[in-house]
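What follows is a single structure, written as structure tokens, with notes after it.
The values are calculated or read from the model by the stated rules, or taken from the named source; none is laboratory data. Here the structure is a predicted model, which is why all the values come from computation and not from measurement. Reconstructed Cβ throughout: ideal geometry from the backbone, glycine too, with neighbour counts over all protein chains shown.
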Amino acid sequence: MPSRNTSLDLLKRCEYLAPGQIGLCRKSMLTRETLQRPKTGQCLTRGRSKQPTDFVYGVPTPRNPNEILQCFSWPTKEQGDKIDPKCLPRDFHRINLESIKERIHPVPEWIRFANEKDYRLNPTKRVLGRLRKLKFPTDMTFGIIARPSTPMQCIIAHRYKSLWEEHAS
């Protein structure tokens, strides 16, 4: 038998539940679809209740009254030559020197030290020059220059043979 403080209404609603134990019924069991059983001779609909009218599926989009104006206007704020220090490359030379001063030699401790200190190269002209993309001349060739192709007419006419014979004699 259920406990005495269970209301009669809860007992009536628990009549069509399959809790797994006789006499055990909690209010939270009424909302679990896996425990619900249909009345005798009727089918049980497994649908969900209708959402309220102000319910939004997903994340509600915040409204901005000036979004169209912002979309069609171009930013006029001057961007300076300021460099974000996070975009600068790490200064491994300084990290190594500081880790030697701290007497850190094993690799796991060195990695932890490098992540904690996060030394970056100073944004000097030398460093900024290293960060710029290199510009190569348009006529520059990398590697060995390809030999010009041999003209097929000279091969067919045996011109190279005649040149070799002239040179040999």
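Kindly evaluate P60 against the criterion of being farther than 18 Å from D9 by Cβ, surrounded by 10 or more Cβ atoms within 10 Å (Cβ to Cβ) and either outside the structural domain of D9 (by TED's automatic domain parsing) or at pLDDT 75 or above (or both). No, not satisfied.
Cβ separations smaller than 7 Å between residues 6+ apart or across chains give the following pairs from the stretch 104-119 residues that are free of Cβ contacts under 8 Å to residues at least 24 places away in the same chain to residues that are aromatic (F, W, Y): I104/W110; I104/F113. Scanning the stretch 122-150 for residues that are at pLDDT 80 or above and surrounded by 10 or more Cβ atoms within 10 Å (Cβ to Cβ) turns up nothing.
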